[in-house]
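The values are calculated or read from the model by the stated rules, or taken from the named source; none is laboratory data. This one's a predicted model, so the numbers in the text were calculated from it and none came from an experiment. As a convention, Cβ positions derive from the backbone with ideal geometry for all residues, glycine included, and neighbour counts pool all protein chains shown.
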Amino acid sequence: MRLLNWLSAVFFIGFIFTADTTAYALFEAGVDSYNIDFGFMNIGEVRELQEKGSYHNEINCRSDTGQAWYLKIQAVEPLTSGDDRIPYEDFKWAVIEVIDGDGVIYNKDMYNVFSDTPFLVYTSGPSDYTGAEVKVRFKYSLSIPRNQAAGNYRAVIRYTMTEVP
Amino acid sequence: MKKSKMIKLFFIFLFCFVFFISDAAAFQFNVDPPKLILNVKPGEKKSGYIRITNTSAKGATHIKAYSLDLIYLPDGSNDFVPLGSTPWSIGSWLKINPDEFDIPPGGEKTVRVQVDVPPEAKGGYYGVVFFENYSPYSAKKNQSTLTIGVRIGTIILVESADTAVYEARFDAVSVVKKDNNYQLQCAVQNLGNILIRPFGTAQISDDKNNVVQTNKINPNKEGIFPRTTRKLSMNCSGPLKEGRYLARVLLDYGADTLLGGQTSFNATANE
């Protein structure tokens, strides 16, 4: 009877140990705000979006896989209203800062023209593989060309996070 | 009375905390694993599983899953091209189920990725499965509004060890001066049919054959796709006195033998 109790205790501890050994990889990305809205703009106007002081929104990335990862940005399509389009060169993004990351920031503090090709923003550094949250902060700029037709212009911005193969 | 006021204030504070502070992330999600290796023999089927978790504090996440081909860019990152664009494309062999779904906050969904490798396949095939979530369109009049999409990729590596051919060579090994520093550059050509990750060291010796520097090459083990060439660069770890040097590069790329190359160069005084 004592042996049975002992065996069931071992089984129970073993079960707990097995249940606790399931490890999940942390590979996470998110955005702090849905809102990228230039609002009403006049022809010829240039507007910067940086509502949170120096930046407008923040992409949060986390990984504990021990592998290098990177973040890219693109505009899937130019700002479009019906058949009218605002050219890509009038629509720009910039990385202002990266919080809690020790990787490489590309073109920091510089405005870059949006493109449908993903543009490299950030490559992780050694301390970015251990599960700490890396916050990449962006601001945006839009200028309305002189001959642009009025309308509701819309576009899709995509942030991509992947490891290298 | 005072106590009940305090309790009220506490709940107002709690309400503000939950609805404003916890709203810090509009949405976020986790993809596990970010890299999936499937060892499959030609003519076989194999499945892998990817777990998507909605780690947002509130709001369901609508995820779309799709696959693309991968290529390397000179900066070491990848571009994502339509399926069938590369010789190493997994293409139509790959099936994702389900490919569109909702996940409540804190919830998760397991997605099955199945590859059906044809009998004539040899070596390695590569691609990425993306999981993408979009914010909803806002419908304000006469305004320029953007929809935000976040996508996280799981790199898919389908390899058959039985048919893998490891073969590589140096196209070029050189040392160039850049901003008063020396940079070692080696172009490695993958002649095999499988992704290789060459890594190793470059020893720099002076004209008396004394090793003055040992530098790591490709420590992150970045890959080179089959039948492509990639330039691996690294800065020398310190300054070099004027003189003639020999750089010897030795790389392990997964084959039985190592890949070796060398080049001599002159170090000159800084400008």
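Quick rundown of the values:
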read-out	value
Any hit, segment A:96-115, residues being touching a Lys or Arg at 6+ places or on another chain (Cβ under 6 Å) and acidic (Asp, Glu)	yes
Filtered residues of segment A:106-165 (kept if in contact with a Pro (Cβ under 8 Å, 6 or more places away or on another chain) and under 21 Å from B:Gln28 (Cα atoms))	A:Ala155, A:Arg158, A:Thr160, A:Thr162, A:Glu163
Count - residues of segment B:76-106 that are crowded, with 18+ Cβ neighbours inside 10 Å, assigned to a loop (DSSP other than H, G, I, E, B) and out of contact with any Lys or Arg (no Cβ under 8 Å at 6 or more places or on another chain)	4
One residue from B:Asp179, B:Asp116, B:Asp162, B:Asp171 being closer than 30 Å to A:Lys139 by Cβ, more than 9 Å from every other protein chain (Cβ to nearest Cβ) and surrounded by fewer than 20 Cβ atoms within 10 Å (Cβ to Cβ)	B:Asp179
Complete set of residues in segment B:52-75 that are assigned to a strand (DSSP E or B) and touching a residue at least 60 places away in the same chain (Cβ under 8 Å)	B:Ile52, B:Thr61, B:His62, B:Ile63, B:Lys64, B:Ala65, B:Tyr66, B:Ser67, B:Leu68, B:Leu70, B:Ile71, B:Tyr72
Sole residue being more than 11 Å from chain B (Cβ to nearest Cβ), touching a strand residue (DSSP E or B) at 6+ places or on another chain (Cβ under 7 Å) and either farther than 28 Å from A:Gly131 by Cβ or not in a strand (DSSP E or B) (or both), chosen from A:Glu97, A:Glu48, A:Glu77	A:Glu48
Qualifying residue in segment A:46-53 (condition: over 26 Å from A:Ala149 (Cβ atoms), out of contact with any Gly (no Cβ under 8 Å at 6 or more places or on another chain) and of a type outside the set (D, E, K, R))	yes
Selection count, segment A:64-74, where residues are of a type in the set (Gly, Ala, Ser) and within 7 Å of chain B (Cβ to nearest Cβ)	1
Qualifying residues in segment B:53-75 (those that are more than 25 Å from B:Ile103 (Cβ to Cβ) and more than 7 Å from every other protein chain (Cβ to nearest Cβ)) - the one surrounded by the fewest Cβ atoms within 10 Å (Cβ to Cβ)	B:Pro74
Unique match (being among the hydrophobic types (A, V, I, L, M, F, W, C), farther than 30 Å from A:Pro87 by Cα and surrounded by 13 or more Cβ atoms within 10 Å (Cβ to Cβ)) among A:Val134, A:Val98, A:Val104, A:Val113	A:Val134
Complete set of residues in segment B:26-62 that are aliphatic (A, V, I, L, M) and over 17 Å from B:Leu94 (Cα atoms)	B:Ala26, B:Val31, B:Ile52, B:Ala57, B:Ala60
Of all residues in segment A:151-165 being part of a loop (DSSP other than H, G, I, E, B) and either within 7 Å of chain B (Cβ to nearest Cβ) or in contact with a Cys (Cβ under 8 Å, 6 or more places away or on another chain) (or both), the one that is surrounded by the fewest Cβ atoms within 10 Å (Cβ to Cβ)	A:Asn152
Where A:Lys135 falls short, out of the listed (1) modelled with pLDDT under 95; (2) outside any loop (DSSP other than H, G, I, E, B)	(1)
Unique residue being away from chain A (no Cβ under 14 Å), touching a strand residue (DSSP E or B) at 6+ places or on another chain (Cβ under 9 Å) and surrounded by 15 or more Cβ atoms within 10 Å (Cβ to Cβ) when the list is B:Ile194, B:Ile204	B:Ile204
Strands (runs of 3 or more DSSP E) within segment B:135-237 that include 3 or more residues of a type in the set (A, V, I, L, M)	B:144-159, B:168-178, B:181-190, B:211-217
Failed item in (1) more than 10 Å from chain B (Cβ to nearest Cβ); (2) more than 29 Å from B:Pro198 (Cα to Cα); (3) buried (at least 16 other Cβ atoms within 10 Å of the Cβ); (4) within 16 Å of the chain's Cα centre (by Cα), with A:Glu58 passing the rest	(1)
The lone exception for A:Thr117 - which of (1) at the interface with another protein chain (Cβ under 10 Å from one of its Cβ atoms); (2) more than 15 Å from A:Glu89 (Cα to Cα); (3) among the polar types (S, T, N, Q) it fails	(2)
Number of the condition not met by B:Glu44 [criteria: (1) in contact with a Phe, Trp or Tyr (Cβ under 8 Å, 6 or more places away or on another chain); (2) of a type in the set (D, E, K, R); (3) touching a residue at least 60 places away in the same chain (Cβ under 8 Å)]	(1)
Segment B:234-271, residues that are among the hydroxyl-bearing types (Ser, Thr, Tyr), more than 30 Å from B:Ala161 (Cβ to Cβ) and in contact with a Leu (Cβ under 7 Å, 6 or more places away or on another chain)	B:Ser264
